[in-house]
Amino acid sequence: MNHWSDKLALIVITLWVGALWTVGYIVAPTLFHQLSDRQLAGTIAGKLFEIVAYVGFASAFYLLLHRLMRVGTSALKQGFFWAVFVMLLLALAGHFGIQPLMAALKAQAMPADVMNSVFSSRFKTWHGVASVAYLIESLLGLVLVLKARQ
């Protein structure tokens, strides 16, 4: 674990998992607690989740490539590799699947807040799906942290 690419992998894991946990479980709840304008809080949180998704895409690409280059195809037998891969799939699904659906519901509800519109139940459902996917991604991040040096 003395190679510079191994050290960079640890930094990338720290950045990705730290961003997931910080934005999802500290920053976003704080925004909704502190800001009286829930639409503004949601807009800011959405932008932060977008940034975390892009951090995740880049991190997953590096970590998957790094693992494949270091151990070859035996990486496909490692929990670390599959945790990164599933995290990437969840990030892609959230960013390119779920978030656009939620944005469309918000746009359809305009000028009203989506939570005070006929779209509120569908928005709540998709928000719940997004939350569960984010939780799974965050827990898989714990797997990365624990298996990083294996």
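The values are calculated or read from the model by the stated rules, or taken from the named source; none is laboratory data. Keep in mind that what you see is a predicted model, and the values were worked out from it rather than measured. Note that each Cβ is placed from the backbone with ideal geometry, even for glycine, and that neighbours are counted across all protein chains shown. Heavy atoms of the whole protein, side chains included, go into the accessibility calculation; ligands, DNA and RNA do not. Shrake-Rupley method; radii C 1.70, N 1.55, O 1.52, S 1.80 Å.
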Discussion item. I'd like to check something: does segment 112-123 contain any residue that is open to solvent by less than 40 Å² (accessible area, probe 1.4 Å), of a type in the set (D, E, K, R) and not in a loop (DSSP other than H, G, I, E, B)?
Written reply: no
| message | Condition (residue is of a type outside the set (Phe, Trp, Tyr), at pLDDT 95 or above and on the phi < 0 side of the Ramachandran plot) applied to segment 69-81: is it met by at least one residue? | response | no
Within segment 124-150, of all residues that are polar (S, T, N, Q) and in a helix (DSSP H, G or I), the one modelled with the lowest pLDDT is Thr125
Can you confirm whether Ala148 is without any contact (Cβ under 8 Å) to a residue 60 or more places away in the chain, surrounded by 15 or more Cβ atoms within 10 Å (Cβ to Cβ) and under 14 Å from Val17 (Cβ atoms)?
no
All-but-one check, Ala60 against (1) among the small types (Gly, Ala, Ser); (2) at pLDDT below 95; (3) under 18 Å from Phe96 (Cβ atoms), failing number (2)
Checked Leu15, Leu64, Leu48, Leu8 against criteria (open to solvent by 20 Å² or more (accessible area, probe 1.4 Å), touching a residue at least 24 places away in the same chain (Cβ under 8 Å) and touching a His at 6+ places or on another chain (Cβ under 9 Å)); the one match is Leu8
Contact list, first residue from segment 89-111 and at positive phi, second anywhere and at pLDDT 90 or above and exposed (fewer than 12 other Cβ atoms within 10 Å of the Cβ), beta-carbon distance below 6 Å, six or more apart or interchain, is none
Note on segment 67-83: residues basic (Lys, Arg) and buried (at least 18 other Cβ atoms within 10 Å of the Cβ) are Arg67
Taking the conditions exactly as written (at pLDDT 95 or above, surrounded by fewer than 16 Cβ atoms within 10 Å (Cβ to Cβ) and within 28 Å of Thr125 (Cα to Cα)), does Gln34 satisfy them or not? yes
